[in-house]
Amino acid sequence: MFCRSLLAILILILFSESGLGQKSDFLKPSDSLDSSRLKTVIIGQGVAISGTLYLLNQSWYADYPKTNFHLINDNAQWLQMDKAGHVFASYHFSRVGSELLNWSGVNKKDQLIYGASAGFAFMSAVEILDGHSAKWGASWGDIIANFSGSALYVSQEILWSEQRIIPKFSFHQTPYASARPTVLGSSLSEQILKDYNGQTYWLSANINSFVRSASVPNWLNLAVGYGAEGMITGDDTLVNTVFFDEKQRTRQFYLSLDVDLTRIETQSHFLKTLFSVINTVKIPAPSIEVNDRGVVKFHPLYF
């Protein structure tokens, strides 16, 4: 179910941050409440959210029978990779909602109340669509993950008045998609959304925010990642013995360096906005992998 949420969040982030405008002065946050900007944000987000939910309904749900709202327990599926994705998506939608209100000159308290909560509200709306579909169902695990993502953003603003730990995403193609392309994707764009085997979710922490040192660049981060592979289905079931003759579901944990692009000094508000969008993605870098079978690997360049 997360692939639908990730598609939606990517659309909304690109609309919300890249679509504000091209002029640097226009992108500069207002020092005080700007009613015209606030109106633009409210109308723009309303149109974007409504349009995104409509497109999701037409592309994902329209061809399947509807049913009464129901809950499912899918917490054991996909080695919880989908839950990590929900945390990622909800965090960044909350971030975008708050930053848009900041651009409008809204005070910090209301940014967190109305902007950050929008992330959880939007992701909950997707769960409602799932809950009324006979093919899927609303997941308590997804709802908790959605709340956790929004809470991660809000708690850091309250505690530190800055984002020291940022969820990020990376992806590489795997052979597993070819074993079941209808579920894991037949093209690169589909596989990015659907193939959990190639996805890695990171918590990227800014080093200087925790250990003040003039010798450490302010933009340098240390990232820990979580991934998994060997999954042809959500459950621990092998459905294709031509490609894979035994179960290979494996959890993977990573340690790597990263860059917080938002901490790169620039006077250009356009570049600041661009960096904010790109900062959702973990940069390729050398990484150490440890999996749940006790195998340690070094990747000269991992993405």
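The values are calculated or read from the model by the stated rules, or taken from the named source; none is laboratory data. All values reported here derive from a predicted model rather than from experimental measurement. Using ideal geometry, Cβ is built from the backbone for each residue, glycine included, and neighbour counts are taken over all protein chains shown. Heavy atoms of the whole protein, side chains included, go into the accessibility calculation; ligands, DNA and RNA do not. Shrake-Rupley method; radii C 1.70, N 1.55, O 1.52, S 1.80 Å.
Of the residues in segment 231-248, not one is outside any loop (DSSP other than H, G, I, E, B) and touching a residue at least 12 places away in the same chain (Cβ under 8 Å).
Cβ separations smaller than 6 Å between residues 6+ apart or across chains give the following pairs from segment 257-269 residues that are within 16 Å of Ser209 (Cα to Cα) to residues that are polar (S, T, N, Q): Asp258/Ser204; Asp258/Asn221; Asp260/Asn206; Asp260/Asn221; Leu261/Asn279; Thr262/Ser276; Thr262/Asn279; Arg263/Asn218.
Here Gly97 fulfils each of the conditions (1) in contact (Cβ under 8 Å) with a residue 40 or more places away in the chain; (2) over 17 Å from the mean Cα position of the chain (by Cα) apart from (2). Inspect all residues belonging to segment 221-235 and state whether any of them is surrounded by fewer than 21 Cβ atoms within 10 Å (Cβ to Cβ), more than 22 Å from Trp78 (Cβ to Cβ) and in contact with a helix residue (DSSP H, G or I) (Cβ under 9 Å, 6 or more places away or on another chain). Within segment 221-235, one or more residues are surrounded by fewer than 21 Cβ atoms within 10 Å (Cβ to Cβ), more than 22 Å from Trp78 (Cβ to Cβ) and in contact with a helix residue (DSSP H, G or I) (Cβ under 9 Å, 6 or more places away or on another chain).
Taking the criterion of being modelled with pLDDT of 95 or more and either outside any strand (DSSP E or B) or under 14 Å from Lys282 (Cβ atoms) (or both), the residues of segment 217-230 that qualify are Pro217, Asn218, Trp219, Leu220, Asn221, Leu222, Ala223, Val224, Gly225, Tyr226, Gly227. Take the residues in segment 165-187 that are at pLDDT 95 or above and aliphatic (A, V, I, L, M); name whichever of them is most open to solvent (accessible area, probe 1.4 Å). Here the answer is Ile165.
Only residues that are open to solvent by 80 Å² or more (accessible area, probe 1.4 Å) and without any contact (Cβ under 8 Å) to a residue 12 or more places away in the chain: list them for segment 286-301, please. Hits for segment 286-301 are Val296, Lys297.
If you go through segment 37-50 and keep only what is surrounded by fewer than 19 Cβ atoms within 10 Å (Cβ to Cβ) and not aliphatic (A, V, I, L, M), you end up with Lys39, Thr40, Gly44, Gly46, Ser50.
When segment 260-280 is limited to residues that are among the hydrophobic types (A, V, I, L, M, F, W, C) and at pLDDT below 90, the one that is least open to solvent (accessible area, probe 1.4 Å) turns out to be Val277.
Summed over segment 111-134, residues that are touching a strand residue (DSSP E or B) at 6+ places or on another chain (Cβ under 8 Å) and either β-branched (Val, Ile, Thr) or open to solvent by less than 30 Å² (accessible area, probe 1.4 Å) (or both) total 5.
When you check Ile283 against the structure, is it open to solvent by 20 Å² or more (accessible area, probe 1.4 Å) and assigned to a strand (DSSP E or B), yes or no? Spell out the reasoning first.
Values: open to solvent by 20 Å² or more (accessible area, probe 1.4 Å): yes; assigned to a strand (DSSP E or B): no.
Here the answer is no, as Ile283 does not meet what is asked.
Looking only at segment 190-216, filter to residues that are among the small types (Gly, Ala, Ser) and in contact with a strand residue (DSSP E or B) (Cβ under 6 Å, 6 or more places away or on another chain); which one of those is nearest to Leu79 (Cα to Cα)?
Just the residues of segment 190-216 that are among the small types (Gly, Ala, Ser), to begin with: 198, 204-205, 209, 213-215.
The next check asks that each one be in contact with a strand residue (DSSP E or B) (Cβ under 6 Å, 6 or more places away or on another chain); those that pass are 198, 204-205.
Values: Gly198: 13, Ser204: 21, Ala205: 24 Å.
Ranking the qualifying residues of segment 190-216, first place goes to Gly198.
For segment 51-82, give me each residue that is part of a helix (DSSP H, G or I), open to solvent by less than 70 Å² (accessible area, probe 1.4 Å) and of a type in the set (A, V, I, L, M). Outline the logic, then answer.
In the first step, residues of segment 51-82 are kept if they are part of a helix (DSSP H, G or I); the result is 51-61, 77-82.
Next, from what is left, pick out any that are open to solvent by less than 70 Å² (accessible area, probe 1.4 Å): 51-53, 56-57, 60-61, 77-82.
Leu53, Leu56, Leu79, Met81 - these are the residues of segment 51-82 that are part of a helix (DSSP H, G or I), open to solvent by less than 70 Å² (accessible area, probe 1.4 Å) and of a type in the set (A, V, I, L, M).
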